[in-house]
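The values are calculated or read from the model by the stated rules, or taken from the named source; none is laboratory data. Worth saying up front: this structure is predicted, and the values here are computed from it rather than measured. Cβ placement follows ideal geometry from the backbone for every residue including glycine, while neighbour counts extend to all protein chains displayed. Please note that ligands, DNA and RNA were not included when accessible areas were found on the heavy atoms of the full protein model with its side chains. Shrake-Rupley method; radii C 1.70, N 1.55, O 1.52, S 1.80 Å.
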Amino acid sequence: MLVTVCAAVVSAGAAVIRCVQLFYYTDSSTGYVNGSGKKLIIELYIFIAAGILLFAFSAFPFHGKNTDKSEINPGKGMFLLSLLCAAGMFYDFIYQCVRCYLYVDQTSYPAANRIVPMVLCAVFALVSCAYFAVLCQCSRTRRFEFGRLWFLRLAPFFWAFCNVLVGMTDYGNVIYDVDSALKYLALIFGLLFFFSLFASREEKFSRVGSLVFFGCSYGALCFVLAFPRIIAFAAGAGLPAPDFSAPAFLFTGIFAFAVSCRFFLKRRPGFCFLKTLKPLPFR
């Protein structure tokens, strides 16, 4: 657990560096980090890499561990997080719809390989909203047989996948466009986490270590990506709007981190409030 705490502290340090970049070293017209902040870019990626390595080290004890599927279902302690994720995904649905409209309106010949993934992002954001809404309801009643709704459990995975497809049609500065680099790195870990979460429905799930690692890494990357942007917006930094929905990334990242931390708390009971994440009868 100590290694996980150290990894979280290192990730928080990366978020602080990102805040400094946004306030002092970001071009207000492009949103890119300017040349004088190049050293901070290297430091940011060093902190992120160190955090991910520490998360990998902390997840190693769970490698090859067999876990019953009922052990990793979010329980009543997840109600608020699921509710926030549902709200974040609905916000992302609106955001994606606006992006689609602006792209079609401002482009003479919209490219099919871009507009189709953008539309699918909006669709799966709405379905993901329903997924987290059902999780909220499942934490309050036992009448739902959530295990049968496999298409809902896959919705966050396809949401991340379609966002990656959209990114493959973007063209930006690979060095100074830090937002895009962080976003697609987070999406890769999000893909792996949500697929592992879906696969955890197996009777004996043997990839707990992978789920813990992907969940912690996705949560940390989402925090570094979204939280500084929210701070900059609240402080009126006057930066151009990012090409991602900060609430969706932030809340789903916290959700993934909380699901992963539940395994650490099984080894160290009573460490914090997340011990209230009791399993639900999802069959």
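Which residue out of SER58, SER28, SER70 is assigned to a helix (DSSP H, G or I), over 30 Å from PHE124 (Cβ atoms) and at pLDDT below 90?
SER58
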In the range 219-267, how many are within 22 Å of VAL16 (Cβ to Cβ) and touching an Asp or Glu at 6+ places or on another chain (Cβ under 8 Å)? 5
Taking the range 195-215 only, how many residues are part of a helix (DSSP H, G or I) and without any contact (Cβ under 8 Å) to a residue 60 or more places away in the chain? 6
Just one of the numbered conditions (1) crowded, with 21+ Cβ neighbours inside 10 Å; (2) out of contact with any Leu (no Cβ under 8 Å at 6 or more places or on another chain); (3) not in a helix (DSSP H, G or I) is not true of ASP243; which one? (1)
Selection within the range 174-183 - touching an Asp or Glu at 6+ places or on another chain (Cβ under 9 Å), part of a helix (DSSP H, G or I) and open to solvent by 20 Å² or more (accessible area, probe 1.4 Å): SER180
Restricting to helices (runs of 4 or more DSSP H) lying wholly in the range 109-173: which have 2 or more residues that are at pLDDT below 90? 112-138, 150-153
Which residue pairs have Cβ atoms under 6 Å apart, sit 6 or more places apart or on different chains, and have a first residue in the range 1-22 that is under 17 Å from SER217 (Cβ atoms) and a second that is among the basic types (Lys, Arg) and open to solvent by 10 Å² or more (accessible area, probe 1.4 Å)? MET1/ARG268
Scanning the range 85-110 residue by residue, the ones that are hydroxyl-bearing (Ser, Thr, Tyr), within 28 Å of the chain's Cα centre (by Cα) and open to solvent by less than 70 Å² (accessible area, probe 1.4 Å) total 2
Members of the range 1-46 that are open to solvent by 20 Å² or more (accessible area, probe 1.4 Å) and of a type in the set (Lys, Arg): LYS38, LYS39
Return a yes/no flag: does the range 200-214 have any residue that is more than 21 Å from LEU250 (Cα to Cα), surrounded by 16 or more Cβ atoms within 10 Å (Cβ to Cβ) and among the β-branched types (Val, Ile, Thr). yes
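Hey, could you check the range 47-57 for residues that are of a type outside the set (Gly, Ala, Ser) and free of Cβ contacts under 8 Å to residues at least 60 places away in the same chain and say which is least open to solvent (accessible area, probe 1.4 Å)?
This residue is LEU54.
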Filter the range 214-258 down to the residues that are farther than 15 Å from TRP159 by Cα and aromatic (Phe, Trp, Tyr) and list them by number. PHE214, PHE223, PHE227, PHE233, PHE255, PHE257
Qualifying positions in the range 42-53 - touching a helix residue (DSSP H, G or I) at 6+ places or on another chain (Cβ under 6 Å) and either closer than 15 Å to VAL174 by Cα or among the hydrophobic types (A, V, I, L, M, F, W, C) (or both): LEU44, PHE47, ILE48, ALA50, ILE52
